[in-house]
Amino acid sequence: LRRHQDKDELISSQPISLDINNSSRRMGDTTRLLFLVLHLLCIVKVQASYYKSCPDSPNYTPPTEAFQQNLKRLLDSLSSKASAPGYYTSIGANATDRVYGLVSCREDVDREVCRTCVTDVIAQVVQLCPNKKEAFISFQYCLLYYSGTNFFGTLSTNFVSVATNQRDMPADPQQFMPQMTSFFNKLIAEATTNQPARLFAAGNFQYTDQVTVYAVVQCSADLTAQDCSSCLIQAVAKIQACCANKQGARILSRPCYIKYETFPFLYPLSQNALTSASPISNNCSAASTSADRSTFKGNLKVLLLSMIELAPLTGFFDHDIGLGPEQVYGQVLCRGDVSVSQCWNCTSQASAKILQLCPDSRRAMIWMDYCQLRYSDVDFATIVDTDDRVQRPSPETASDPRSFDRSLRSLIVRLISYATNNSSGQMFATGTSVLTKSQSLYALVQCTRDISVEDCG
């Protein structure tokens, strides 16, 4: 908190306890404004969430034309199996030009999500790793690996460690990793010892009364159950080293993958969490007449799932899925004073509700109490858009409109100054101003984090 010269104004860019509905009732004598969301967008496209590795050997030679032709045939073959959770094969009669490839989807997602993700990664691999004999690309729900060397059934010591949530666990953080390790060991046993071995397991455990931890383990289809177990045990050791007390992390390698978070990121989403959605407002474009609506809808489904899973980590997320005319761009922003679980819940509800309210729209936006979500078939990067807005004026008026307006204007100006000069980078602030002995004014300002502080102000 930072107290300004005016002792009656308190401004913060940190979360505070604030109930908009109760606050509005306490404000009572308002003039023209109860709740106003002015939404200034200047979107900068952020590369889709992925990991890529395009290694060269010490004696690297460019791929031959035969290798490139075999690679094309391999990618076509993998694409045809895109709805299967895991598939691997090789193409080429000559050993020097033979290509080995594998695609794998996270097994909790459905076939449509798997197919869309695999189609997307195959379409982009040649751009991401041009003229390479080996490539490893991982998107949110699938991965692709190909090589001129037979890797089927082999383990890899190359792990990518990511602390997805930098916050420390509450309560006693030192007690968290032993519990997390024990739970991962339980999932590893479930994935590799049950017959037939699925090489996949997911679940959750109660860490504290307020915190539930959700986790997943998975291996690629070319591994034996024993090798899968070995790979996952190594991954757990990596997570202990990199992210011991963090609220979320994932470890990624070609043959295996583990992840945990403090919100239910696994698919399918709980329908109970979605039925209570009550949007403030929404804006839908006219129904689409595109002949290929299924591709756009598939891309949109993966986009929304990605935003649900990734937005809670920072409260803001840009993403895009697909290529060409069926590409879809999206963005979600959670209010800066809400928790990770509240952000997840709001993003989940907004995603479900926007599909109900705008079933055939190629552009739509929805506003909820704790978040706003937008998607479009047009790249809205660098476009300043003030047309999408929602206003909720109170039917009541202030007893002294001029005094109220002066107080409101002064508070908003100070909040804007604090939001745009605070080092947190969230461009968010809340504050209060005392109107009378029995009445206070509460306000919040926030900008999407992709715009500059100058544009925000």
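The values are calculated or read from the model by the stated rules, or taken from the named source; none is laboratory data. Bear in mind the structure is a predicted one, so any value in this text is a computation, not a measurement. So basically every Cβ, Gly included, is an ideal-geometry build from the backbone, and we count neighbours across all protein chains shown.
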Being closer than 15 Å to residue 85 by Cα and surrounded by 20 or more Cβ atoms within 10 Å (Cβ to Cβ) is the filter here; which residues of the range 189-201 pass it? 191, 199, 200, 201
So, in the range 344-372, how many residues would count as being of a type outside the set (A, V, I, L, M), in contact with a His (Cβ under 9 Å, 6 or more places away or on another chain) and buried (at least 24 other Cβ atoms within 10 Å of the Cβ)? 1
Kindly check whether there is at least one residue in the range 66-81 that is out of contact with any Phe, Trp or Tyr (no Cβ under 6 Å at 6 or more places or on another chain), crowded, with 16+ Cβ neighbours inside 10 Å and either assigned to a strand (DSSP E or B) or of a type in the set (Lys, Arg) (or both). no
Could you check the range 201-220 and list, in sequence order, the residues that are small (Gly, Ala, Ser) and either without any contact (Cβ under 8 Å) to a residue 60 or more places away in the chain or in a strand (DSSP E or B) (or both)? 201, 202, 203, 215
Hey, among 150, 131, which residue is of a type in the set (S, T, N, Q) and in contact with a Pro (Cβ under 6 Å, 6 or more places away or on another chain)? 131
Which one is modelled with the lowest pLDDT, of the residues in the range 164-186 that are of a type in the set (A, V, I, L, M) and surrounded by 16 or more Cβ atoms within 10 Å (Cβ to Cβ)? 169
Cβ pairs under 8 Å, 6+ apart, first in the range 68-81 and within 13 Å of residue 92 (Cα to Cα), second assigned to a helix (DSSP H, G or I) and among the acidic types (Asp, Glu): 70/97
When you check residue 244 against the structure, is it modelled with pLDDT of 80 or more, in the same structural domain as residue 200 (by TED's automatic domain parsing) and in a loop (DSSP other than H, G, I, E, B), yes or no? yes
What are the pairs, 6+ residues apart or on separate chains, where a residue within the range 272-295 that is surrounded by 15 or more Cβ atoms within 10 Å (Cβ to Cβ) has its Cβ under 6 Å from a residue that is acidic (Asp, Glu) and at pLDDT 65 or above? 283/388; 288/360; 295/326
